[in-house]
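Just so you know, all these numbers are worked out from the coordinates, no wet-lab data involved. Everything numeric here is computed off the predicted structure, so don't read it as measured data. Don't worry about glycine lacking a Cβ; one is built from the backbone with ideal geometry, like all the others, and counts go over all protein chains shown.
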Amino acid sequence: MQKNKKLILAISILLLISFVWGCAPKEKKTVKIAFIGPLTGPNAAVGIGAKNSFELKVNEVLEKDDYPYKIEVIYEDDASDPATGVSAANKVCSDPDVVAAATHWNSPVGLATIDVFHKFGVAQVFWGTIHKDITYKNCYPEVTRVIPLSVHSNELAAEWAINKFNRKTWVIIHDTTDYGTRNRDEITESINKRGGVILGTFGVTVGQQDFMAILSKIKELNPDVIYYGGVVTEAALIRTQSMKVGLDKVLFMTIPGSQSDTFGKIAGKSAEGSFCSGTFDVNSTEIGRKFVEKYNAKYKEPFEQNGPYAYDAAGIILQAIKAVGPDRAKIVEYIRTHDYEGVLGVTHFDKCGQTTTGGLTMYVNQDQKWVRWEDSEYASGKRKLPWEK
Amino acid sequence: MDFIIRLFISFLMLSCMYTLVAIGFTMYVGVINLANFSHGDTCVIGAFVLMLLYGFLSYFGITHSGTFIYILTIIIFTIILTGLWGVLIFKAVINPLLNSPRLIVLLATVATGQAIREIIRVTYPEGSNPQVFPKIFPDGGIFIKNFLIRWENIIIFFLTIIILIIINLFINKTKIGLSMRCVSQNYEVSQMMGINVNKTIMMVFIIGSALAGLAGIMNGAYYRITKFDIGSNLGIKGFSAAVIGGLGNTYGAIIGGLIISFVEIFISGLIKGGSQFQDLFSFIVVLIFLIIKPSGILGEKTYEKV
């Protein structure tokens, strides 16, 4: 009898332990994702804005508590350098716990790393870059891009300058990086298609400060349009110095690389009336404005033009992980085949992973800030464009 | 004709920028036989210190309203502070390595330059972004036959000439300058003759850094912009100018500056499609000089004694 009592007691204790163990809240599995961008170097401002935006979305999703996983983000710096980018890509991809990554602002870096992500089968969502080969050269299933291509920006630039403002003669200035030369080739094609005339093409180095020699030459050419294919610092310096040589009656047109309020800060009053064929205007929608509010409440650095793209890139990755779990191959497939609704609207990818949406917008510089043309005092007729003859 | 005048003015301005940086390099090499590769980044320190001073004074409601005295005072303070930065570099980096091989010291200066860039980027508000530099030069200028020569062009040009003259007089006519010349000729004998060699080298760093600060201010004021990482390019161009002119010769700095900027302006302004090759050609010129006249145009040929 005593023996039976002891046996029943032992079994009861065992059952009790199993019950308690089973009912205890299960710890969430930690899943790793990566962010790679230029956190140092000449484009650090853009990289940090994107990184903050990415982090903002991740924290927002995790705060809701219904997300089935703990997310650990690995931040890596590509320093706008392809070799550094490849090293960062190898580091994140060779960690078996990393299931997806949001990457790169600079196209040369992106072109260098797509093979790495493809080799490891890790989903790579581009929040920056504009080179069409990133998506279309190999059509890697791992690659998706939430930002439109440079060819679309350049088409818009040529269309507006030539057909809307009737400015036919152009001078093209571009930086000598792959980004700059790619834009040079695309704008050349767009101008030629519309019967424009290119009077001269000038390459400049990123980091160069003095453009007076080439602008003096351009003054002699007397163009209707100066197009700059490059990034913001050089764009602003060229615009400022062009006014010093007397090129004040020329339409200054630039592209998303200069779509930053840093342009107006550097160029000051010289920026007035410049145009930028740019990317999505986050202030044009309610959800976009909410993003701006949340971002500005948390971060002091501006989110720059790629912040919303990085924000949605995070959302795309997290949506996929929630749907299919931390499985690299399944995440790759899910991202490519499912739409995502975020701050950019609905993001849909074509068969090579390129967004077919992404919101191209024409901006005019008004009071040292880029303003959507439709919202500007120039469009309403309240102000006259300073370069109009 | 307007085109040629504009090109000539650009050429002069660029020469002045490179010369102001090159003077510092010639001093370091001339006195202590050291190519200080943090010199370009020290120029950026000067620019950022001035911006900080402007910001600091504005915070307390002390604004300049364009007065010459206010601007001059801030510039002088900036130069002094940048000179003190030179003391810090000397004591923290150079002095501990004075008896080490020159290559080690050179590497230390490279690392110091990198550290300076990152310190500025991380600590200055929005440090990654280009910064608008305060307006120092007045608007307008002098009209010569309907052509405007701006005040900034005139000031920078004459300032460069004055600095060159002052540095030369300092080195040739003062006791400290005499000490520097002694140390540059023979380190050990100078010590034996009672010259405080460490103090002399520290003076070189103070003066070199102060000059760098001034160069950074002029660069920022002319282009109205500065950025944490422009020091590396500025340093390379300044060093190249010093090499061509003759390391150790301050007048060589101006000749080197003239040559480098002539190549850049000529290639970008006069050769079709040349603008993207201006850096390439300016460095080819440096290589040519290193091969055919490594001591530079005004440099003295030195012999290694065995």
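Quick look at the numbers
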| read-out | value |
| --- | --- |
| Alpha carbon centroid spacing (whole Å) that separates the range A:255-293 from the range B:194-237 | 36 Å |
| Loop-located GluC sites (Glu not before Pro) in the range A:153-234, at most 16 other Cβ atoms within 10 Å (DSSP) | none |
| Between 0 and 90°, nearest 10: helix A:178-193 axis offset from chain A longest Cα axis | 50 degrees |
| Candidates B:132, B:263, B:29, ranked by Gaussian network fluctuation over chain B, Cα under 10 Å, top entry | B:132 |
| Those trypsin sites (Lys or Arg not before Pro) in the range A:61-163 that DSSP places in a loop and that have at most 14 other beta carbons within 10 Å | A:64, A:137 |
| Violating pairs (Cα-Cα greater than 23 angstrom) within the set A:57/A:322; B:199/B:293; A:29/A:322; A:168/A:217 | B:199/B:293 |
| Positive dipole terminus of the range B:145-222, leading residue within B:163, B:178, B:216 (C-beta point charges) | B:163 |
| Expected 222 nm ellipticity per residue - DSSP helices of 4 or more, -39500 (n - 2.57), all of chain A, to 500 | -13500 deg cm²/dmol |
| Within the range A:260-366, trypsin sites (Lys or Arg not before Pro) in DSSP loop having at most 12 other beta-carbon neighbours inside 10 Å | A:300, A:351 |
| Under 12 Å from the Cα of residue B:135 - aspartates and glutamates, other chains or at least 8 residues apart | B:152 |
| FRET efficiency estimate (nearest 0.05) - Cβ-Cβ, residue A:75 to residue B:191, R0 51 angstrom | 0.50 |
| Hz values of 3J(HN,Hα) by residue in the range A:249-261 - Karplus curve (6.51, -1.76, 1.60), Gly and Pro given as x | 9, 10, 6, 9, 10, 9, 10, x, x, 9, 7, 8, 5 |
| Charge-dipole axis of the protein assembly as shown as Lys and Arg at +1 and Asp and Glu at -1 on Cβ define it, positive-most pick from B:36, B:283, A:174 | B:36 |
| Nearest 10 degrees, 0 to 90: helix A:44-63 Cα axis against chain A principal axis | 30 degrees |
| Sum of side-chain charges, residue B:244 neighbourhood, beta-carbon under 12 Å (Lys, Arg +1; Asp, Glu -1) | +2 |
| Length-normalised contact order for chain A - Cα pairs under 8 Å, 6+ apart - percent | 18 percent |
| Neighbourhood charge, 14 Å Cβ-Cβ cut-off, centred on residue B:4 and excluding it, Lys, Arg +1 and Asp, Glu -1 | +2 |
| Rounded tilt (10° steps) of A:212-221 against the dominant C-alpha axis of chain A | 60 degrees |
| Bridge type composition, chain A - antiparallel percent by DSSP, nearest 5 | 25 percent |
| Of A:32/A:330; A:249/A:384; A:51/A:294; A:28/A:294, pairs whose Cα-Cα distance is over 21 Å | A:28/A:294 |
| DSSP bridge orientation in the protein assembly as shown - percent antiparallel, rounded to nearest 5 | 30 percent |
| Environment charge of residue A:165, counting only residues whose C-beta is closer than 9 Å and scoring Lys/Arg +1, Asp/Glu -1 | 0 |
| Global geometry of the range A:250-294, whether rounded, prolate or oblate, following the gyration tensor of its Cα atoms and the 1.5 cut on a/c | prolate |
| Tensor-based shape of the range A:239-389 (alpha-carbon gyration tensor, a/c under 1.5 rounded, otherwise prolate or oblate) | prolate |
